[in-house]
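The values are calculated or read from the model by the stated rules, or taken from the named source; none is laboratory data. It should be emphasised that the depicted structure is a prediction, and the values quoted were computed from it without experimental measurement. Using ideal geometry, Cβ is built from the backbone for each residue, glycine included, and neighbour counts are taken over all protein chains shown. These area figures cover heavy atoms from the full protein model, side chains too; ligands, DNA and RNA do not enter into them. Shrake-Rupley method; radii C 1.70, N 1.55, O 1.52, S 1.80 Å.
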Amino acid sequence: MLQIGENTLVSLDLVERYFHCDLDDCLGECCVAGDAGAPLTPEEDAELRRLAPRILPYLTPGARRAVEEEGVSYIDQEGDLVTQLVGGANCVFTTFTPDGKCLCALEKARREGETDFFKPISCALYPVRLKEYPSFTAVNFHRWKICKGAEVMGRARGIRAYEFLREPLERRFGREWYAELALTAGEYLRQKGEKSDN
């Protein structure tokens, strides 16, 4: 683990592993696989509730019914606040292209100027998962077989996971924090006899 700032510990996997999403390979399966919705902060949940009427037109018919009947979120079995599911599977904000790729309705609504809401930070940060402890935040790299293509593409392009995730990491922790991470990661890789490719 690398300590960045006063209260974050970053998994070495985030620095050592290569990663670049390959939607053509995985088809966005992270939006539909798993046993719960995407983790939400209380602030994100409140904003999604407020924006729900403007987002509904972007959702599938089943997702619209789920939001209207059950809301945009729920508390999962582990006690976490997460996005609502459709039929116990897909995130309600999942939409599909004709060729079967999963896309985020929240991103589409933002691109089209309907909202200024980014998708939940837990989604933007994936494959990073954050774990909050009383005195620090753990920044972990979650390995999942559906992301194998992303690791292959990342290696081919020479992009480390922390580099690929620069924008959401800066959004969550700030630019100064990311600059410290990049500097520390570069030094760590040099000491290992590797290099940061970008």
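Somewhere in the stretch 168-186, is a residue of a type in the set (F, W, Y) and within 14 Å of F19 (Cα to Cα)?
no
Which members of the stretch 118-159 meet the condition of being loosely packed, with under 14 Cβ neighbours inside 10 Å and among the hydrophobic types (A, V, I, L, M, F, W, C)?
Correct list: A156 only.
Could you please find all residues in the stretch 1-30 being of a type in the set (D, E), open to solvent by less than 70 Å² (accessible area, probe 1.4 Å) and in a helix (DSSP H, G or I)?
D13, E16
With the structure loaded, tell me whether A52 is over 25 Å from L14 (Cα atoms), more than 14 Å from the chain's Cα centre (by Cα) and of a type in the set (G, A, S) or whether it fails that test.
When the stated conditions are applied, A52 passes them.
Would you point out the residue of the stretch 56-79, among those that are touching a Ser or Thr at 6+ places or on another chain (Cβ under 9 Å) and in a loop (DSSP other than H, G, I, E, B), that is surrounded by the fewest Cβ atoms within 10 Å (Cβ to Cβ)?
T60
Among the candidates A38, A33, A46, single out the residue that is modelled with pLDDT of 90 or more, open to solvent by less than 70 Å² (accessible area, probe 1.4 Å) and among the aliphatic types (A, V, I, L, M).
When all the criteria are applied, what remains is A46.
So which helices (runs of 4 or more DSSP H) stay within the stretch 95-198 end to end and still have 3 or more residues that are charged (D, E, K, R)?
Helices (runs of 4 or more DSSP H) meeting the threshold: 105-111, 148-157, 166-173, 175-191.
Using beta carbons and a limit of 6 Å, which pairs, at least six apart or on different chains, have the first residue in the stretch 67-78 and touching a residue at least 40 places away in the same chain (Cβ under 8 Å) and the second one among the β-branched types (V, I, T)?
Taking only residues 6 or more apart or on different chains, the pairs are D76/V82.
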